[in-house]
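Right, one structure below, let's go through it.
Only the coordinates and a few stated rules stand behind these numbers; no lab work does. What you see is a predicted model; the values in this text were computed from it and never measured. Cβ atoms come from the backbone with ideal geometry, glycine included; neighbour counts cover every protein chain shown.
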Amino acid sequence: MHIHPLITDSATLANLCSRLADADFVTVDTEFMRESTYYPELCLIQIADVNEAAAIDPMAPGIDLKPLLELLVENEDVLKVVHAGGQDIEIVYNLTGKTPYPLFDTQVAAMALGQGEQIGYSNLVDSWLGISVDKGARFTDWSRRPLDERQIEYAIGDVTHLAAIFPKMLERLRKTGRGAWLDQEMERLADPANYANDPDLAWKRVRVSGRKPDMLGRLKAIARWRELEAQGKDLPRGRIVKDETLGDLAGNPPRKQADLAKVRGLSATWGTNDIGARLMAAIEGATPLSAEELPPRDDRKPGLGKEGSLVADLLKLLLKIRSRDIDVASKLLARSDELEALAAGTRKGLPMLEGWRYDQFGRDALDLVEGRLAFAVQGGRLTMTRTEEVA
């Protein structure tokens, strides 16, 4: 494979993208910094196919990234391969309003091949290629210039190794017949809605106790205010106001701006300054959350009770047995909230009761809660056994 020098000019990048536009797939990775900003600061982009690889410097003066971004989000003939690519996808979305498509995430694929739920990149490379990845540059400050040769070599390795792994992984998926299992997961990963930080939904990320509509209405209003402040200032949300302070403000709203000076987690200056005034305006303008927006009474155990909780525990045990037997990550088959919903009586809208998940696990789960399946110990191994059909 030909490794290009660091690309810092538009003409070289355009020529590279023109060639990669004819590839069956490209592997993609990014290096970024986000410790002190709301939006991740893109510092390096790496891309490869089976013939060539390059690192691109997006911070180079005057460089035009348009050919690269068009390759990623407009060219649907080229598969984009990433590993644990959520943050890489987010960066592309922030730049274009679109996501790379079609998409293949090797971490998700590894789940279908029995390599755990969140296999790290270095472990993936070691298991598929027998190569030990040098982690020395992992925590480097990628925003500093110039980048040295070791940094660039480390960064390009992320995509050259993936370019070697992906065809092997694809062949294994074909042999096991599990490629179709991943279609839904890859579509979900590529859904732009996952990467749009809607200020009106920001309150759902803040953990609070209680379901009072007026309290949650205030939380929605001030979480929206914080999101817009963070976006406008390009600062992390926690630099504006921490989650626990938002919860305190929602539950115990100040009567006047001067009271903000007494709130734990806020500077005393908020009692008189402009940002404090904007926060008070958000609190005063809040309206109670509508019945349609109220969260379930208990997100973890919807309508369960003691007996239902025991059924959910049995379903989790069944999931462990089934994922062990077919050598697949349990998270790919079903999630805990689905199991609890099934135990509570839900039968519609659960992914595990549809398609391949139903065939591999959902049917057994349904049979368990309806009395047609039981656990047994055979030869010291926990297994499942069929019972008589329930009349």
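Taking amide hydrogens as placed 1.01 Å from N in the peptide plane, the amide H of Arg34 sits under 5 Å from those of Glu41, each at least 5 positions away in sequence or on another chain. Per-residue Cβ neighbour counts within 10 Å put Glu76, Glu229 in the sequence Glu76, Glu229, beginning with the fewest. Converting phi to 3J(HN,Hα) with the Karplus coefficients 6.51, -1.76 and 1.60 and the offset θ = phi - 60°, region 162-174 yields 4, 5, 7, 6, 4, x, 5, 5, 4, 5, 5, 5, 5 Hz in sequence order, with x at every glycine or proline.
Rounded to the nearest 500, the helix-only mean residue ellipticity at 222 nm of the chain stands at -13000 deg cm²/dmol, with each DSSP H run of n ≥ 4 adding -39,500 (n - 2.57).
For region 2-195, the alpha carbon convex hull comes to 120 Å³ per residue, rounded to a whole number. Translational diffusion of region 306-386 was estimated from the Stokes-Einstein equation, with Rh taken as the Kirkwood radius over Cα pairs; at 25 °C and 0.890 mPa s the coefficient is 194 µm²/s.
Could you tell me the calculated FRET efficiency between Thr269 and Glu354, based on Cβ-Cβ distance and R0 = 51 angstrom, to the nearest 0.05? The calculated FRET efficiency here is 0.40.
Phi angles of region 73-80 translate, via the Karplus equation with coefficients 6.51, -1.76, 1.60 and θ = phi - 60°, into HN-Hα couplings of 10, 10, 8, 7, 7, 10, 6, 9 Hz per residue; Gly and Pro are given as x. Shown for Trp203, Trp181: other C-beta atoms within 10 Å of each C-beta, ranked fewest to most, produce the order Trp181, Trp203. State the percent of C-alpha pairs, over all pairs in the chain, separated by a distance greater than 39 angstrom. Counting every Cα pair in the chain, those more than 39 Å apart make up 35 percent. Apply the Debye scattering formula to region 179-337, with a single equal point scatterer on each alpha-carbon and no solvent, then give log10 I(q)/I(0) at q = 0.16, 0.18, 0.19 Å⁻¹. Each listed q corresponds, in turn, to -0.97, -1.08, -1.14. All C-alpha pair distances within region 199-284, sorted into 5 Å bins from zero, spread as 3, 16, 28, 29, 17, 6, 1 percent across the bins. Residue order for Met111, Met33, fewest other beta carbons within 10 angstrom first, comes to Met33, Met111. Take every DSSP beta bridge with both residues inside the chain and express the antiparallel ones as a percent of the total, to the nearest 5. Bridges in the chain are about 65 percent antiparallel. Rounded to the nearest 20, the Cβ-based charge dipole of region 70-143 about its Cα centre (Lys and Arg +1, Asp and Glu -1) stands at 200 debye.
At the listed q of 0.27 Å⁻¹, the Debye profile of region 43-109, built from one uniform point per Cα, gives log10 I(q)/I(0) equal to -1.51. Largest first, the three principal axis extents of the alpha carbons in region 82-190 are 46, 38, 20 Å in whole numbers. Rank Ile283, Leu219, Gly232 by how far each Cα sits towards the positive end of the charge dipole of region 199-284 (+1 on Lys, Arg Cβ; -1 on Asp, Glu Cβ) and give me just the farthest. Toward the positive end, the furthest listed residue is Leu219. About its Cα centre, region 188-231 has a charge dipole of approximately 300 debye under the convention of +1 per Lys or Arg Cβ and -1 per Asp or Glu Cβ, with nothing else charged. Taking the chain as a Gaussian network, where each spring joins two C-alpha atoms under 10 Å apart, which residue of Leu72, Leu162, Leu147 fluctuates the most? The residue that fluctuates most here is Leu147. What the phi angles of region 255-267 give under the Karplus curve with 6.51, -1.76 and 1.60, with θ = phi - 60°, is a coupling list of 7, 8, 4, 4, 5, 4, 5, 9, 7, 5, x, 10, 5 Hz, glycine and proline written as x. A Cβ-based charge dipole, computed about the Cα centre of the chain with Lys and Arg at +1 and Asp and Glu at -1, lands at about 1720 debye. For region 326-352 versus region 156-199, the spacing of their alpha-carbon centroids is 22 Å. In this structure, the amide hydrogen of Leu79, modeled 1.01 Å from its nitrogen in the peptide plane, lies closer than 5 angstrom to those of Phe25, Val26, counting only residues at least 5 positions away or on a different chain.
Spin-label model, Ser209 to Arg144: label points 7 Å out along the Cα-to-beta-carbon direction sit 4.6 nm apart. Along the axis of the charge dipole computed for region 306-386 (Cβ charges of +1 for Lys and Arg, -1 for Asp and Glu, origin at the Cα centre), the listed residues Gly379, Ala341, Leu317 are led at the positive end by Gly379.
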